[in-house]
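Written out below as structure tokens is the structure these notes cover.
The values are calculated or read from the model by the stated rules, or taken from the named source; none is laboratory data. Remember, predicted model here, so these are calculated numbers, not experimental data. Neighbour counts run over all protein chains shown; Cβ positions are idealised from the backbone, glycine included. Just the protein is used for accessible areas: all its heavy atoms, side chains included, with ligands, DNA and RNA removed. Shrake-Rupley method; radii C 1.70, N 1.55, O 1.52, S 1.80 Å.
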Amino acid sequence: KNYKTKKEEYAGHSFEWISQHLPVMTPENGARILDIGCNTGAFLSRFVHTGWDGYGVEPSQNMSRTAREEYTLNNIQTSLFQTGTFPAESFDFVSLLHTLEHLENPSLILKDIREVLRPDGTLYIEVPDIFHPKSAFYTSYFAAPHLYVFSRQTLERLLAAHGFRVVASGNIPRG
């Protein structure tokens, strides 16, 4: 399978899991999603097609260009996510799919996300689970450097330290 096909499959698995486990899939008018590390835009485009106002941040010029050109996503910034990029409390849903483990300071990112997420908003994170036998950690660790590794427990502790409450967790197929 080519890279784009894999990303579309992964986006489908993630979107399906969210549809089954989180009460966010029927957006009100003006509902906004921010996908940090949006890659090709495959995941973000699924939200946009269901009525969300979609924004993405992606440091790779090639990936952000794909998001804009192939998925016609207009609100993609080719940059890293950082404080001041977006106004406070401007998003209903923020997602990081296989992104948090690549960032230099996950605590700082979560603090910054807390600022842009509305008080009743949802943060959705996917990371490889170091203890899961088919974890992406084992199959893709050397493809892009993972600066951090997480188990379900360590991720939940990190989130709690920043005032987030876990409402659902599970394993999503990746291959």
Lys/Arg Cβ at +1, Asp/Glu Cβ at -1, dipole of the chain taken about the Cα centre: which of TYR148, VAL94, LEU34 is farthest positive-ward?
TYR148
The chain: relative contact order as a whole-number percent, Cα under 8 Å and 6+ apart
19
Got a sec? Charge dipole of the chain, +1 on Cβ for Lys and Arg, -1 for Asp and Glu; which of SER45, ASN171, GLY84 is way out at the positive end?
ASN171
Once LYS7, LYS1 are ranked on solvent-accessible area with the largest value leading and a 1.4 Å probe, the list reads LYS1, LYS7
Packing-wise, with mean Cβ within 10 Å as the measure, how do 64-73, 154-163 rank, highest first?
64-73, 154-163
Rounded if a/c is under 1.5, else prolate if a/b beats b/c, else oblate: with a ≥ b ≥ c from the C-alpha gyration tensor eigenvalues square-rooted, which is the chain?
rounded
Quick note, the stretch 1-84: a/c under 1.5 would make it rounded; otherwise a/b > b/c is prolate and the rest oblate (a ≥ b ≥ c, C-alpha gyration tensor); here it is oblate
